[in-house]
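**Student:** Mind having a look at this structure? Questions to follow.
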Amino acid sequence: MVLKSTVAFVAVATLAFFSSAPQAEAHSWADCIDWKFKDPKKPSWNDDGGHCIGYARRYPVSLNMPFGTQDKIYRYFQQDADPRVAIPCSNRGDGYGSNETRANPVSEAYGRKFGRMTVTTVGDTLCVRWPAKNHAIPQYLIDRYVQINLSPVRNGKDITQIELLKNTVAKLDFANCMPGADIDHKACGGCFKVPRRAPGTYLLQWRWMLNQGQWYSSCADIKITK
């Protein structure tokens, strides 16, 4: 009887511990590809601290969803663990705006009900934003980062993940987030300089590692004008 009581106590205590711990609603994604700060001297990723002028493919701006709630339409996309077979961009069509495959023409993934495509120049600064989704806390942050890959597109199709990994142009701190109590919807982001590239349209991949070998990605087309 004593043993059963002890086991029951441990089970209840364990359940209480996990119930009180922060629970992840979903995994993260790129909310904005080209975020412009209202005040560059006081950069803020919050909605009132700037605005977005360039988005990922088929980003559903017309739904006017609050920041960090796009997991309800499956905006996040987990890749296969093996980069040799991993699809670089979400091919899911089961939610409005969740499909990030390349459009033909690329302009079909932007405008009207979707956000605008990013247009930039060599040397310009691109600032990318994402929601924390409960993961910008110590137990998740053992060398976790956001990888930015930038590559030309061949024959009208996205290149493979292996090829993309040869074109990493930045690694951003996933936990670069705004302070606040709501750890699920904290606004986070990072900036990088557009490297030297010939004018053209490129695939930009936002790729985030949650656990070792567990990657999530978002894809955008960006036009480099000069």
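The values are calculated or read from the model by the stated rules, or taken from the named source; none is laboratory data. The structure displayed is predicted, hence computed values, not measured ones. Cβ atoms come from the backbone with ideal geometry, glycine included; neighbour counts cover every protein chain shown. Side chains included, ligands, DNA and RNA excluded: accessible areas come from the protein's heavy atoms. Shrake-Rupley method; radii C 1.70, N 1.55, O 1.52, S 1.80 Å.
**Student:** Count charges around Thr121 for me, please; just the other residues with Cβ under 13 Å from its Cβ, Lys/Arg as +1, Asp/Glu as -1. Don't jump to the answer; show the numbers that get you there.
**Tutor:** Details: positive: Lys193, Arg196, Arg197, Lys223, Lys226; negative: Asp34, Asp124.
Cβ neighbours under 13 Å give a net charge of +3.
**Student:** With equal scatterers on the alpha carbons only and no solvent term, can you work out the Debye log10 of I(q)/I(0) for the range 106-165 at 0.18 1/Å?
**Tutor:** Values returned for q = 0.18 Å⁻¹ are -1.04.
**Student:** What number results when the radius of gyration of the range 129-226, computed over Cα atoms, is divided by 2.2 N^0.38 Å?
**Tutor:** Numbers: Rg = 14.8 Å, N = 98, 2.2 N^0.38 = 12.6 Å.
Rounded to two decimals, the normalised Rg is 1.18.
**Student:** How big is the Cα convex hull of the range 90-132 in projection, averaged over all directions, in nm²? Numbers along the way, then the final one.
**Tutor:** Working: hull surface 18.1 nm².
About 4.5 nm², averaged over all directions.
**Student:** With θ set to phi - 60° and the Karplus curve 6.51 cos²θ - 1.76 cosθ + 1.60, what are the ³J(HN,Hα) couplings of the range 42-58 in order, to the nearest whole Hz, using x for Gly and Pro?
**Tutor:** Using θ = phi - 60°, the values come out as 10, x, 9, 8, 5, 4, 7, x, x, 8, 9, 10, x, 10, 6, 4, 6 Hz.
**Student:** If you don't mind, another one. Percent of accessible area on the range 27-111 owned by carbon and sulfur, 1.4 Å probe?
**Tutor:** On the way: 2060 of 4130 Å².
The nonpolar share, carbon plus sulfur, comes to 50 percent.
**Student:** Around Cys219, what is the net charge, scoring Lys/Arg as +1 and Asp/Glu as -1 over all other residues with Cβ under 9 Å from its Cβ? Present the calculation step by step, with values, prior to reporting the outcome.
**Tutor:** Working: positive: Arg57, Arg102; negative: Glu100, Asp158, Asp221.
Counting the neighbours of Cys219, the net charge comes to -1.
**Student:** Now for a different question. Which one of Gly189, Gly111, Val128 has its Cα pushed farthest toward the positive end of the charge dipole of the range 100-212, where Lys and Arg give +1 and Asp and Glu give -1 at the Cβ?
**Tutor:** Checked the options; the winner is Gly111.
**Student:** May I pose another question? For the range 41-55 and the range 102-180, what is the separation of their C-alpha centers, rounded to whole Å?
**Tutor:** Comparing the Cα centres of the range 41-55 and the range 102-180, I get a distance of 16 Å.
**Student:** Averaged per residue, what accessible surface does the chain expose to a 1.4 Å probe, in Å²? Write out the running numbers ahead of the final one.
**Tutor:** Details: 11550 Å² over 226 residues.
With all protein chains present, the chain gives 51 Å² per residue.
**Student:** Roughly how big is the chain's charge dipole about its Cα centre, with Cβ charges of +1 (Lys, Arg) and -1 (Asp, Glu), in debye to the nearest 20? Can you show the working numbers first?
**Tutor:** On the way: 29 positive and 20 negative charges, 136 e Å.
So the dipole magnitude of the chain works out to roughly 660 debye.
**Student:** Using modelled amide H (1.01 Å from N, peptide plane; none on Pro or chain starts), what sits under 5 Å from the amide H of Ser90, excluding residues fewer than 5 places away?
**Tutor:** Amide H neighbours of Ser90, under 5 Å, 5+ apart: Glu100, Cys219.
**Student:** Give me the aspartates and glutamates in straight-line cross-link reach of Lys36: C-alpha distance below 20 Å, same-chain residues under 8 apart excluded.
**Tutor:** Counting by Cα, and skipping residues close in sequence, Lys36 has these aspartates and glutamates nearby: Asp47, Asp48, Asp124, Asp173, Asp221.
**Student:** Hey, got the Cα dimensions of the range 58-125 along the principal axes, in Å, largest first?
**Tutor:** Its Cα atoms span 33, 32, 25 Å along the three principal axes.
**Student:** A further question on this structure: Where both residues lie in the chain, what percent of DSSP beta bridges are antiparallel, nearest 5? Can you show the working numbers first?
**Tutor:** On the way: 38 of 41 bridges.
Bridges in the chain that DSSP calls antiparallel: roughly 95 percent.
**Student:** Measure off, as a whole percent, the carbon and sulfur share of the 1.4 Å-probe accessible area of the range 113-208, all protein chains present.
**Tutor:** Working: 2230 of 4270 Å².
Looking at the range 113-208 in its full context, I get 52 percent from C and S.
**Student:** Please list, in chain and number order, the residues 5+ apart from Val119 or on another chain whose amide H is under 5 Å from its amide H, with Hs placed from the backbone.
**Tutor:** Counting only residues 5 or more places away or on other chains, the set is Lys223.
**Student:** How far is helix 2-20 tilted, in degrees, relative to the longest principal axis of the Cα atoms in the chain, given as a value from 0 to 90 rounded to the nearest 10?
**Tutor:** It is inclined by approximately 30 degrees.
**Student:** With 20 Å as the limit, write out which pairs from Lys72/Lys133; Lys157/Lys223; Lys41/Lys133; Lys157/Lys193; Lys38/Lys186; Lys72/Lys157 have Cα-Cα distances beyond it, or answer none. Present the calculation step by step, with values, prior to reporting the outcome.
**Tutor:** Details: Lys72/Lys133 12 Å; Lys157/Lys223 16 Å; Lys41/Lys133 26 Å; Lys157/Lys193 25 Å; Lys38/Lys186 18 Å; Lys72/Lys157 28 Å.
Among Lys72/Lys133; Lys157/Lys223; Lys41/Lys133; Lys157/Lys193; Lys38/Lys186; Lys72/Lys157, the Cα-Cα distance tops 20 Å for Lys41/Lys133; Lys157/Lys193; Lys72/Lys157.
**Student:** For a quick check: with amide H placed at 1.01 Å from N, whose amide H comes under 5 Å from Ala170's, ignoring anything fewer than 5 positions away on the same chain?
**Tutor:** Ile148
**Student:** While we're looking at this one, here's another question. For the chain, what is the calculated [θ] at 222 nm in deg cm²/dmol (nearest 500), taking -39500 (n - 2.57) for each run of four or more DSSP H residues and dividing by its residue count?
**Tutor:** Details: 2 runs with 23 residues, N = 226.
When only DSSP H runs of four or more count, the value is -3000 deg cm²/dmol.
**Student:** Also, I was wondering about something else. How many percent of all Cα-Cα pairs in the chain sit more than 31 Å apart?
**Tutor:** 23
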